[in-house]
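Student: Starting off with a structure, shown below.
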Amino acid sequence: MSMLADAPLKSAVPTDQELIDFVVREARLIDQQRFDEWLDMYADDAFYWMPLEWNQTDPRLTCSLMYEDKLLLSIRVERLKGARTFSQKPKSRCHHVLQTPQVDSRNTAANSYVTWTAMHYVETRLEEQTLYAAWATHHMSVEDGRLKINLKRVDVINCDAAFGNIQLFM
Amino acid sequence: MTRYAGNVAAIRALVRDQEVHRDVYVSEEVFQLEMEHVFPNSWVYVGHDSQVPNAGDYFGTTIGTQPVLLVRHTDGKVHVLHNRCPHKGTRITSETCGNTGKFFRCPYHAWSFKTDGSLLAIPLKKGYENTGFEQSHAATGMAPVRHVRNYRGFLFAKINDGGLDFEDFFGESLSSFDNMIDRSPVGQLKVAGGVLRYMHNCNWKMLVENQTDTCHPMVAHESSAGTVVEVWKKAPPGTKKPMAVEIIAPFMSSYEFFENMGIRIWDNGHGHTGVHHSIHSDYSAVPGYFEKMKAAYGEERAKAILDENRHNTVYFPNIMIKGPIQLLRHFKPIAANKTLVESWTFQLVDAPDMLLERTLMYNRLINAPTSIVGHDDLEMYERAQEGLHSNGNEWVNLQRLYSPDEAEQTNVAVNGTSEWPMRHQFRAWSKFMTMGM
């Protein structure tokens with residue numbers, strides 16, 4: 001794995017390849033259950049959003065599967081380490097397959113970069129293995145010479161289906 | 001093998017004063033009998049007025065495992081119809097909800113029906129001449145569920161003609177609906193925000209029981225609510241408590257908190273936790289809301305409405321409502337070991353948006369398939385569903401704070417950690433299961 005996304009950016013403005021590497025690395029950290037490092041990729045005021053509705057525009061007055069700030073994300077990460085987290089005994093594992101992320105927009109003046117990534121995500125625990133198909137939209141900016149995620153939006157293709165437990169991060 | 005069909009004594013023997021037999025959770029035969037008796041004999045929640053506001057609007061749901069649909073007829077009345085074509089059984093509607101216009105049309109052979117279910121037309125009608133078709137069941141159209149009741153916007157239906165009438169079935173328990181609705185300054189609710197659907201590999205009654213189980217939160221939810229409390233402790237002093245922490249942290253309240261909050265028992269398996277206070281009692285005030293309530297109801301009445309903090313009100317057989325945050329959970333049975341949970345949220349008409357925002361946040365943080373609190377619960381249900389197959393002990397213990405004279409009592413408030421509500425639900429279960437057998 002390239003260290004590019006982890007290391008400071010080579011210049012003030014990220015290249016397309018640096019954006020792509022960053023998104024790929026995020027998925028890898030989840031797969032490897034390196035959740036503390038994963039959380040560090042998020043800006044302090046970031047949100048992780050999984051809409052409940054197809055083409056949902058409002059996370060506030062329409063319900064979502066997840067719409068969590070960094071406090072709630074860090075609670076999830078802490079919980080995964082807990083001795084009495086019974087739904088994670090044994091632990092879930094997950095696996096991402098990403099298409100190459102596409103850089104949808106680069107706005108250097110506004111320090112705003114958006115990528116769009118089609119992916120398959122598999123979560124497994126005990127005998128169950130479940131496949132989800134989704135698109136991840138990453139809104140990123142440069143902070144102290146490093147990329148940070150401001151918003152990650154995960155649109156699951158069957159967002160309105162009745163799911164069992166989805167325990168990790170897509 | 002049939003052990004229970006038509007065998008009233010065997011069914012009654014499944015429920016003892018202080019314990020129930022595992023077959024009520026694991027037996028497919030018992031499950032089928034529930035679908036034939038418990039659900040058709042009960043007033044089952046089918047939806048809310050606001051889901052079908054206009055003539056021709058429909059919404060599909062289930063009574064037990066039977067598909068039905070609600071539809072608003074041209075005269076404004078809501079009908080509940082069995083969702084099958086009387087011809088060959090095809091489900092009539094293709095979407096869960098929508099507007100069908102003036103009539104339903106079966107997509108298979110184009111039989112069409114008025115929105116009250118009556119037969120409107122059949123193509124090539126000549127083919128039925130001299131066949132005695134007029135006397136057939138099919139000629140009557142889509143079969144209606146005959147007993148339908150709209151209680152302040154909440155729609156209930158009963159399939160069987162026997163059983164109790166609406167008032168006798170619910171009695172004083174409707175006060176929890178009243179309180180939830182009265183929280184709107186205009187006394188009106190509206191379904192809003194979308195429905196969360198969550199599939200559970202366990203028996204539906206485990207979910208219903210859990211709504212009045214106050215000895216599990218501080219244990220099962222230590223991983224979620226306990227972590228919230230721990231992480232929140234590290235916040236710099238003076239940080240404003242986020243809405244999410246207000247919502248999740250009270251799940252870690254002490255046994256004493258839950259003992260003192262109390263449980264109320266009504267007839268027919270209904271009841272609620274949170275007689276004196278609840279995990280909803282200490283939410284921050286929403287700016288502008290009390291002023292609106294005061295203007296609508298007067299100060300004293302407004303306070304009385306908002307001081308009621310019922311936690312979970314369970315309505316037999318399969319819904320729970322949370323008045324203080326306008327939420328309804330529908331536990332839809334699919335098989336003995338499979339249940340679909342739908343969590344519906346309501347907007348208080350003419351109240352600030354922030355109340356709906358809180359309701360939705362609660363739903364997402366507690367009831368979503370992605371919710372860590374939900375994960376804690378489901379793990380326990382699924383372990384129980386498996387563990388019950390052990391022959392080491394065929395009985396589930398429901399003995400906490402049992403009192404020998406309790407079966408004769410109704411409308412009493414008891415210790416908040418009592419398993420009386422669960423015993424009470426099973427007494428009702430036994431009654432509606434064997435009613436008419």
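Student: Would you check which residues across region B:33-92 are in contact with an Asp or Glu (Cβ under 6 Å, 6 or more places away or on another chain) and either among the hydrophobic types (A, V, I, L, M, F, W, C) or within 12 Å of B:MET142 (Cα to Cα) (or both) and list them?
Tutor: Passing the criteria: only B:HIS79.
Student: Would a scan of region A:44-61 turn up a residue that is surrounded by 19 or more Cβ atoms within 10 Å (Cβ to Cβ) and away from every other protein chain (no Cβ under 13 Å)?
Tutor: Scanning region A:44-61, I find at least one residue that is surrounded by 19 or more Cβ atoms within 10 Å (Cβ to Cβ) and away from every other protein chain (no Cβ under 13 Å), so the answer is yes.
Student: Sticking with this one: Kindly establish whether B:ALA368 is buried (at least 17 other Cβ atoms within 10 Å of the Cβ), closer than 30 Å to A:LYS89 by Cβ and of a type in the set (A, V, I, L, M).
Tutor: yes
Residues are listed down the side, and each one gets a yes or a no for (1) in contact (Cβ under 8 Å) with a residue 12 or more places away in the chain; (2) more than 18 Å from the chain's Cα centre (by Cα):
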residue: B:VAL231; (1), (2): no, yes
residue: B:ALA244; (1), (2): yes, yes
residue: B:GLU259; (1), (2): yes, yes
residue: B:LYS292; (1), (2): yes, yes
residue: B:TYR297; (1), (2): yes, yes
residue: B:ASP307; (1), (2): no, yes
residue: B:VAL314; (1), (2): yes, no
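Student: Separate question: For region A:84-137, what are the residues that are within 14 Å of chain B (Cβ to nearest Cβ), outside any helix (DSSP H, G or I) and either within 29 Å of A:VAL13 (Cβ to Cβ) or in contact (Cβ under 8 Å) with a residue 24 or more places away in the chain (or both)?
Tutor: Answer for region A:84-137, where residues must be within 14 Å of chain B (Cβ to nearest Cβ), outside any helix (DSSP H, G or I) and either within 29 Å of A:VAL13 (Cβ to Cβ) or in contact (Cβ under 8 Å) with a residue 24 or more places away in the chain (or both): A:PRO90, A:LYS91, A:SER92, A:CYS94, A:TYR121, A:GLU123, A:ARG125, A:LEU126, A:GLU128, A:THR130, A:TYR132, A:ALA134.
Student: Being crowded, with 21+ Cβ neighbours inside 10 Å and free of Cβ contacts under 8 Å to residues at least 12 places away in the same chain is the requirement here; does B:THR339 meet it?
Tutor: Here the answer is no, as B:THR339 does not meet what is asked.
Student: List the number of the failed condition for B:GLN425; all other conditions in (1) assigned to a helix (DSSP H, G or I); (2) closer than 30 Å to A:ILE75 by Cα hold.
Tutor: (2)
Student: With A:LEU168, A:LEU73, A:LEU151, A:LEU147 as the choices, which residue is within 20 Å of A:ASP40 (Cβ to Cβ), more than 14 Å from chain B (Cβ to nearest Cβ) and under 12 Å from the mean Cα position of the chain (by Cα)?
Tutor: Result: A:LEU151 is the single residue among A:LEU168, A:LEU73, A:LEU151, A:LEU147 that is within 20 Å of A:ASP40 (Cβ to Cβ), more than 14 Å from chain B (Cβ to nearest Cβ) and under 12 Å from the mean Cα position of the chain (by Cα).
Student: Continuing with the same structure: Taking the options A:LEU71, A:LEU29, name whichever one is among the hydrophobic types (A, V, I, L, M, F, W, C), surrounded by 20 or more Cβ atoms within 10 Å (Cβ to Cβ) and part of a helix (DSSP H, G or I).
Tutor: A:LEU29
Student: For B:GLU291, only one of the following conditions fails: (1) out of contact with any strand residue (DSSP E or B) (no Cβ under 8 Å at 6 or more places or on another chain); (2) in a loop (DSSP other than H, G, I, E, B); (3) charged (D, E, K, R). What is its number?
Tutor: Here B:GLU291 meets the rest and fails (2).
Student: Whether any residue in region B:166-181 is touching a residue at least 40 places away in the same chain (Cβ under 8 Å), away from chain A (no Cβ under 14 Å), among the polar types (S, T, N, Q) and under 22 Å from B:VAL68 (Cα atoms) is what I want to check.
Tutor: Looking through region B:166-181, none of the residues is touching a residue at least 40 places away in the same chain (Cβ under 8 Å), away from chain A (no Cβ under 14 Å), among the polar types (S, T, N, Q) and under 22 Å from B:VAL68 (Cα atoms).
Student: Taking region B:132-170 as the search range and keeping residues that are in contact with a strand residue (DSSP E or B) (Cβ under 9 Å, 6 or more places away or on another chain) and small (Gly, Ala, Ser), which one is farthest from B:HIS73 (Cα to Cα)?
Tutor: Result: B:GLY163.
Student: Would you list the strands (runs of 3 or more DSSP E) that sit entirely within region B:299-414 and hold 3 or more residues that are within 11 Å of chain A (Cβ to nearest Cβ)?
Tutor: Fully inside region B:299-414 and qualifying: B:327-335, B:338-348.
Student: Just checking: which of the helices (runs of 4 or more DSSP H) contained wholly in region B:225-281 hold 3 or more residues that are within 11 Å of another protein chain (Cβ to nearest Cβ)?
Tutor: B:227-233, B:243-248
Student: Let me ask you something else. Since A:GLU78 meets every condition but one in (1) among the acidic types (Asp, Glu); (2) part of a strand (DSSP E or B); (3) within 9 Å of chain B (Cβ to nearest Cβ), which condition does it not meet?
Tutor: (2)
Student: Spot the failing condition for A:PHE86; the list is (1) within 30 Å of B:VAL229 (Cβ to Cβ); (2) aromatic (Phe, Trp, Tyr); (3) surrounded by fewer than 14 Cβ atoms within 10 Å (Cβ to Cβ), and only one is missed.
Tutor: (3)
Student: Let me ask something else. So, A:ASP45, is that one in a strand (DSSP E or B) and under 30 Å from B:ALA351 (Cα atoms) or not?
Tutor: yes
Student: Right, something else. For region B:380-402, check the following and say yes or no: at least one residue is surrounded by fewer than 23 Cβ atoms within 10 Å (Cβ to Cβ), under 30 Å from B:ASP307 (Cβ atoms) and not β-branched (Val, Ile, Thr).
Tutor: Yes; the residues of region B:380-402 include at least one that is surrounded by fewer than 23 Cβ atoms within 10 Å (Cβ to Cβ), under 30 Å from B:ASP307 (Cβ atoms) and not β-branched (Val, Ile, Thr).
Student: When you check A:LEU65 against the structure, is it in contact with a Pro (Cβ under 8 Å, 6 or more places away or on another chain) and of a type in the set (A, V, I, L, M), yes or no?
Tutor: For A:LEU65, the condition - in contact with a Pro (Cβ under 8 Å, 6 or more places away or on another chain) and of a type in the set (A, V, I, L, M) - is met.
Student: Between a first residue in region B:66-81 that is outside any strand (DSSP E or B) and a second residue that is of a type outside the set (Gly, Ala, Ser), which pairs have beta carbons less than 8 Å apart while being 6 or more apart in sequence or on different chains?
Tutor: B:HIS73/B:HIS79; B:HIS73/B:LYS114; B:HIS73/B:THR115; B:HIS73/B:ASP116; B:THR74/B:LYS102; B:THR74/B:THR115; B:LYS77/B:ASP116
Quick note: the coordinates plus some simple rules give every number you see, no bench work behind them. Being a predicted model, the structure only gives us computed values, none of them experimental. Positions of Cβ are backbone-derived with ideal geometry, glycine not excepted, and every protein chain shown enters the neighbour counts.
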